[in-house]
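Enquirer: Below is the structure I would like to discuss, written out as structure tokens.
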Amino acid sequence: MTDDATTDDMPVLRWEDEQTSENPIAFLTDLASKCPYASSDKGLAVLRREEARDILRRDLPIAVYHIPEEVSPYLSERTKEPLLTRHGPEHLALRKILTRVFRGHVLETLRPRIRERFEELLDPIMERGEGDLVKELFHPFPAHVLAPILGLPMKDIDMVSAWVDSSARWTDIFLPREKLSEIEAAWRSLEAYLLGLLRERREDLKDDIFSELIRAMEGHRELEVVGIAMELTRAGMDTTRRQLANTMMALLENPSEWAKLSADPALAPGAVEEGLRYASITHHMSRQAVAPTEFAGMPAEAGEVATVLAMAVNRDPRAFENPDSFDIHRGRNAHMTFGFGSHACIGAPLARMEMIEAFTVLAERIGTIEVTGPIERAKVTIGMVPTTLPVRVTPRA
């Protein structure tokens, strides 16, 4: 923000403070109770839902200021390519293409395959009576679902999944610069792989999303088509697997809600939506001004950034009753985990379907469940996601 725009009573958010990383939800919601916004060295932080809605509904690109050209010219250039960082007519045209691509694949026809694959991955855990839900189940599941839908050979799933794991971290605005070389290597590998697949597939188009993308984007540059395919691959695999882990963790920390779901697996849609709100993997949604404008009624110059903090926005008491309670019976649940406005997630219906089937199956098959060891979690900027979740289970009688 410009110097004369910051008011004296606006709280200051210091990203490096221990309270921001150690207890972010309590800290951010406390800030939100004082003011809809906070000032920070990365621009304006938006803490309440209505104000977030006002900013996210605008046709602005997602900010990628955190990847300096002098550190990684390749990533600095590539991260300006995807759908995420476009705006205006070009962005609208690409979204229309993707909407047509997804509309051509009726999601309901995928439901049996999604359920079957989840059950296959769950079977060994149920047979042993123990396992790691993250490493054995939630992590591989979305990749095994998405690969055939996108048209990726099943033999390449593990390799592609590893590249997705690394390259997806580019959206972390607090990423240490020394990690960029690892991300760049994974990005280059995934790009080269998909470019080769695109050239093969052009000679033999099939009934999959990659083929539909090639048809719909005829006349576009190869790297543009591959960039969109990469974005779909990362979003479809990485975000779903992390949200599954976060929602499961919330259910384990709230055993009364797990008991309700176990008693009635038809409550899975409510559990999924509440998990998306209460235990969102989305930490920040940044928008960058492309011309002089205003954020929160204050002037902002081109290049300045407003960042919506989902952990605060999704617990705004003005929008959610008892926001700090995990309640799978919650009614209207207008969370912002899938974004809002021009950059709302196109793949949200597929992600929801995967998660609903997953939690339906878990509720139907598990009688008892208990955590058996320490749970490691990722840092706050990528959603505090459990990276391990060791449990002991008994099958339902």
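Enquirer: For the range 189-334, just say rounded, prolate or oblate: build the C-alpha gyration tensor, square-root its eigenvalues into a ≥ b ≥ c, call rounded for a/c under 1.5, and beyond that prolate if a/b exceeds b/c, oblate if not.
Expert: Oblate shape, in that a/c is at least 1.5 and b/c is the bigger or equal ratio.
Enquirer: Could you estimate the translational diffusion coefficient of the range 263-387 from the Stokes-Einstein equation, with Rh from the Kirkwood formula over C-alpha pairs, at 20 °C and 1.002 mPa s, in whole µm²/s?
Expert: Reported coefficient: 127 µm²/s.
Enquirer: Right, next: Can you tell me which of 258-269, 156-167, 228-239, 346-357 comes out highest on packing, and rank the rest after it, using the mean Cβ neighbours within 10 Å?
Expert: 228-239, 346-357, 156-167, 258-269
Enquirer: Specify, per residue and in Å³, the volume enclosed by the convex hull of the alpha carbon atoms belonging to the chain.
Expert: 139
Enquirer: Just to be sure I understand: of the beta bridges DSSP finds with both ends in the chain, what percent are antiparallel, rounded to 5?
Expert: So the antiparallel bridges in the chain amount to around 85 percent.
Enquirer: Between beta-carbons, use under 12 Å as the cut-off and find the net charge around residue 167, counting Lys and Arg +1, Asp and Glu -1.
Expert: -2
Enquirer: Provide the net charge surrounding residue 211, with neighbours chosen by a C-beta distance below 10 Å and charges set as Lys +1, Arg +1, Asp -1, Glu -1.
Expert: Here the count lands on 0.
Enquirer: Can you bin the range 103-223 into rounded, prolate or oblate? Criterion: square roots of the alpha carbon gyration tensor eigenvalues sorted a ≥ b ≥ c, rounded for a/c under 1.5, prolate for a/b above b/c, oblate for the rest.
Expert: oblate
Enquirer: Add +1 for every Lys or Arg and -1 for every Asp or Glu among the other residues with Cβ under 13 Å from the Cβ of residue 260, and state the total.
Expert: Residues near residue 260 contribute -3 overall.
Enquirer: Taking the mean number of other Cβ atoms within 10 Å as a proxy for protection, how do you rank 129-142, 179-192 from highest to lowest?
Expert: The most tightly packed comes first, giving 129-142, 179-192.
Enquirer: Another question, if that's okay. Residue separation times 0.36 nm, minus the C-alpha to C-alpha distance between residue 16 and residue 224: what's the value?
Expert: Contour length minus the Cα-Cα distance gives 71.3 nm.
Enquirer: Still on this structure: For the range 3-380, how many pairs of lysine residues have a Cα-Cα distance under 20 Å, where the two are 8 or more positions apart or belong to different chains?
Expert: For the range 3-380, qualifying lysine pairs total 10.
Enquirer: Based only on other Cβ atoms within 10 Å, what is the fewest-to-most ordering of 155, 96, 42?
Expert: Ascending Cβ contact count within 10 Å gives the list 155, 96, 42.
Enquirer: Find how much the distance from residue 77 to residue 332 grows on full extension, using 0.36 nm per residue of separation minus their present alpha carbon separation; answer in nm with one decimal.
Expert: Result for the pair: 87.8 nm of gain on full extension.
Enquirer: Here's another thing I want to ask about it. Go through the range 363-378 residue by residue and turn each phi into a ³J(HN,Hα) via Karplus (6.51, -1.76, 1.60, θ = phi - 60°); whole Hz please, and just put x for glycine and proline.
Expert: Whole-Hz 3J(HN,Hα) from phi for the range 363-378: 5, 6, 9, 8, x, 10, 8, 8, 6, 10, x, x, 10, 8, 10, 6.
Bear in mind these aren't lab numbers, they're just calculated from the coordinates by the rules spelled out. Quick caveat, the model's predicted, so the values are computed rather than measured. Every residue, glycine among them, receives a Cβ derived from its backbone with ideal geometry; neighbour counts consider all protein chains shown.
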